[in-house]
Structure formats: structure tokens, C-alpha cells
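Here's the structure we're looking at; comments come further down.
The values are calculated or read from the model by the stated rules, or taken from the named source; none is laboratory data. Treat the numbers as computed from the prediction; the structure is a model and nothing was measured. Please note: Cβ atoms are built from the backbone with ideal geometry, for glycine as well, and neighbour counts cover all protein chains shown.
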Amino acid sequence: MDARELEARARAEGTPVIIGDTATFVWRGRGPVFVQGDFQDWKGEPLPLERAGPGLWKRSLALPRDAYVEYALFDAKGRRVRDDFNARVSDNGFGESNHVFYMPDGGPALPSRRPRGIPRGRVTRHRVDMSDTGLTGQRTVHLYAPPTKGPVPLVVVLDGEEYLRRVRLPELVDTLIADGRMSPIALALVSHGGPMRDVEYACSEYTVGLLAWKVLPLAREHLSLVDERHHPGAHGVLGSSLGGLMSLFIGLRAPETFGRVLSQSGAFVVENHEFVVFDLARQVPRRPLEVWMSCGRFEALLEGNQRIDPLLRASGHRVEYREYSGGHNYTAWRDDLVRGLECLFPPTPAAKRR
């Protein structure tokens, strides 16, 4: 493809220009730019675009055909520059926006917004005092009640405000319930401790206590929940990155309450340090967990997930583990979470017939 055709396609289709498994980034400008993204796990030096013609630059990468990718362009001084050929962007959580695209066999798992006309659950906002738990300040907890009657399992969501705002988890659950793809659940979306997040999610017993002493009583007061005393392990816990680590830790420490674990890109190994979940995973469990884990193939965290999966299985836990073609971001997690919810909270026969 010559430079004229490449630029014409970039203007007509947007960038990158995709042919098969090859994505070609295109830039029009006097000087070269550099590209960095999920395909490098955002590490190392950005990749330079090469001259394709007068004032035109390109860089081609082979990527999985089902990948979701976020990336950014940088000038020679390391400053972000806008890709004028790609208006699709996503908040990266650090005050910037990344450009995004799907490869040909990829795509959103569900519409980005709740379809019109489906029953909607109710979300309420609560403030919880933490002063008597060993943690600081107050926390926001959003409770979601599904648009159904009768007691349901609860899923506690770590980094709850991110899952509320960026994943739009209540809308996702509404859609899956309405489509008969999962059974109804309630949600307790718990905010993290700000600058103390890393400490609280690094296998902290205080965080396990927070759920037992504060979140569960609040949820029982406002939601119609299955009683875990009569249905041990009925509830679940969900988190990503360090939240994914903490979710597995919570399940291993409190399996009678939280018998279902959804861990997305769990940070089980950081800087070659194995967290204590490896020791817990090797032990014969008081009660086997149902674990759904996933991690992106572009992530440095992938190896830790691959290592802990067989340990959990060998100890008797029921594990569903998958790797997706993507990186460490909430859009990838939202797309993949659909599978986890369907796996751990499958629909009843009546729901399937609707």
C-alpha cells in the first residue's frame, strides 16, 4: 500500500488501518511521533513511527485478531499528542485519555448502554464510618438491588466507584438478567481508601474485617439477600489488579461467606514477590471456592495468574481461568466480566426460557 492510499484509508476508516492481523498507525505531521500501548503493557520505550512519505509516518504491528487495544502517541519530547485519525478514546484513570480500537474479530461484549425497556435495578448511595475498624475516614458504598423479587446472592465489588462509573456494572447486570444470561444478584460497590488502597488490598485482614463488620450488615439492612448461614458460600467478591488479588484472599479467608470469586488481572506477583495467596492456595480448603479468573495476554501479571491457577485446582477449588487478547484497563475488564458473571451466577431454567 503506497503512502497516498494509506492516508486515504486512515482518513476514511480511522486509525490504525487494519488488514488481517496487522494494525498500521498513521500520523500526518512534520516530525515523527512514537506509539505506546497495551501491546507493550505500557512499559519500555515508545515505538517510533517510520517515514511513509512526505510528512506521513507509519508503524505496523501484528496483533491478535480478537484484541481490544488502548494506545497513545507521543512527540519527541515525550508529550502526548492527539491521533487526529482516531476519535475513539477512553479515560485511562490517570487524568488522560487513550485512543482505542478493536481488531476485526473483537468487539464489545454488550452495548455500552443499557437497552431501552428492560427492567432496571435500584442503586442507592451510603456512607460508612471506618473509625472503629482500623481503617481511616468514611467510605462510600453503593448498593444495587436487582429488578426482581426474593433473596439473591450478594457480590461485593472492590474499587466499587470505578466499577460503577467506568464499567457501569449495574447496567451490565440489568442487561444480563433481562437477557436470561445470569441469575439475579445484588451488588455492594465499595470505594477504596485512596492513598491507602495498595495497603488495604495487599492481602489485608483489616479489609476482610471491613466487609464483615460494615459492608455485610449494611447490605443485609437494605437488600433482600440469601442467608449465607443457611447457604454457605452463596456470596461473591469481585476485583481487578490488586483488587483481584484481594478478592481471592477474601475468598480463601472467608469461604463460608464468599464462596465465589471473580478476579480480573489479579496482581498475585508484584516485582517477583509472591503474595500470601500462594500459601493459602496450597492448603486444603475448609470449603472449596468457585473461582473465575482472567488476565490479558499483554499483561506482566499474566505469569502470576498462570502460576496460581494449577495450585488452586490441585487443592480442590473449582477454577475457570481464561486469557483474553487485551491489557490492563476497565474496558477490557468490562468485556470479559460478562463471561465471569455467566459462569458463577448461571441463569435458572426459568430465566433461560424467558
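A109 meets the conditions (1) in contact (Cβ under 8 Å) with a residue 40 or more places away in the chain; (2) closer than 25 Å to D2 by Cα in every case but one. The failed one is (2).
For region 253-262, the condition holds for at least one residue, the condition being that it is out of contact with any Gly (no Cβ under 6 Å at 6 or more places or on another chain), modelled with pLDDT of 95 or more and not in a loop (DSSP other than H, G, I, E, B).
Let's see how each residue does on (1) modelled with pLDDT under 95; (2) in contact with a helix residue (DSSP H, G or I) (Cβ under 9 Å, 6 or more places away or on another chain); (3) not in a strand (DSSP E or B):
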| position | (1), (2), (3) |
| --- | --- |
| E5 | yes, no, yes |
| V26 | no, yes, no |
| V35 | no, no, no |
| S60 | no, no, no |
| P64 | no, no, yes |
| Y71 | no, yes, no |
| F101 | no, no, no |
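Exactly one residue out of G160, G117, G137 is within 25 Å of Q264 (Cβ to Cβ) and of a type in the set (G, A, S), and it is G160. For the list (1) exposed (fewer than 13 other Cβ atoms within 10 Å of the Cβ); (2) within 26 Å of the chain's Cα centre (by Cα), I need the number of the one condition that P54 fails. All conditions are met except number (2).
Farther than 14 Å from D75 by Cα, surrounded by 12 or more Cβ atoms within 10 Å (Cβ to Cβ), of a type outside the set (A, V, I, L, M) and in contact with a Phe, Trp or Tyr (Cβ under 6 Å, 6 or more places away or on another chain), is that true of T15? Criteria met by T15.
Applying the criterion of being charged (D, E, K, R) and either without any contact (Cβ under 8 Å) to a residue 12 or more places away in the chain or in contact with a Gly (Cβ under 6 Å, 6 or more places away or on another chain) (or both) to the residues of region 37-49, the residue that is surrounded by the most Cβ atoms within 10 Å (Cβ to Cβ) is D38. When P111 is tested against (1) part of a loop (DSSP other than H, G, I, E, B); (2) of a type outside the set (D, E); (3) modelled with pLDDT under 95; (4) crowded, with 18+ Cβ neighbours inside 10 Å, just one condition goes unmet, and that condition is (4). In this structure, R286 qualifies as outside the structural domain of K43 (by TED's automatic domain parsing), surrounded by fewer than 24 Cβ atoms within 10 Å (Cβ to Cβ) and closer than 19 Å to A234 by Cβ. Of the helices (runs of 4 or more DSSP H) entirely within region 139-245, those holding at least 1 residues that are closer than 16 Å to L344 by Cα and out of contact with any helix residue (DSSP H, G or I) (no Cβ under 7 Å at 6 or more places or on another chain) occupy 169-178. Pairing residues of region 1-26 that are closer than 22 Å to P64 by Cβ with residues that are aromatic (F, W, Y) and assigned to a strand (DSSP E or B), at Cβ distances under 6 Å and at least 6 apart in sequence or on separate chains, gives T15/F25; P16/F25.
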